[in-house]
Amino acid sequence: MFAFGNVFTRQSFLFLLELEIKRAQRYQNFLSLLSLTFGHLNPSVGEHASISLKTLANFVKGELRETDIVGQDAGNRLQVMLPYADMTGAHTVRERLEKILYEYGFGREGFTVEINEVCFPTHATSFDDLLLMAGTLETMCMSTNITSN
């Protein structure tokens, strides 16, 4: 159920996402997803990657509402589900995350964090469409990269 801490595994996260999409459809609410990809980790140092992802997850969870849901996706990616959040709300959360991650020094440490956002029903009107959009976010203009200078 949990990958670590209060971060859901991919399977559990997708189950909850499907339920929240059904709820958003029924009650005509928004639901936003943020995708955080943590990059430039040394693959030969697996323990360092795990600690960094846990650290990132702790920072992310500290900036979210209690009702927001965090899940670990494939590799070094976290997904954040923001029920009842439209694009403006998702953008506000993304900006807060960018700021705290930059201030913590993720970019200066040689890591990168790419944050993408997608909103239901603005960008997709079904579970499958939302997952498709979330998978192709790297090609969209809603991407932010925090890197070292």
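Each value in this text was obtained by applying a stated rule to the coordinates, not by laboratory testing. Every value quoted in this text rests on a predicted model; they were computed, and no experiment measured them. Because the Cβ atoms are built from the backbone with ideal geometry, glycine has one as well, and the counts that use them run over all protein chains shown.
Here residue 22 is the anchor, and the lysines within straight C-alpha reach of less than 28 Å, apart from those fewer than 8 places off in the same chain, are 61. For the peptides 11-21, 57-67, 111-121, the ranking by mean Cβ contacts within 10 Å, running from highest to lowest, is 111-121, 11-21, 57-67. Gain on full extension, evaluated as 0.36 nm per residue between residue 87 and residue 100 minus their Cα-Cα distance, stands at 2.7 nm.
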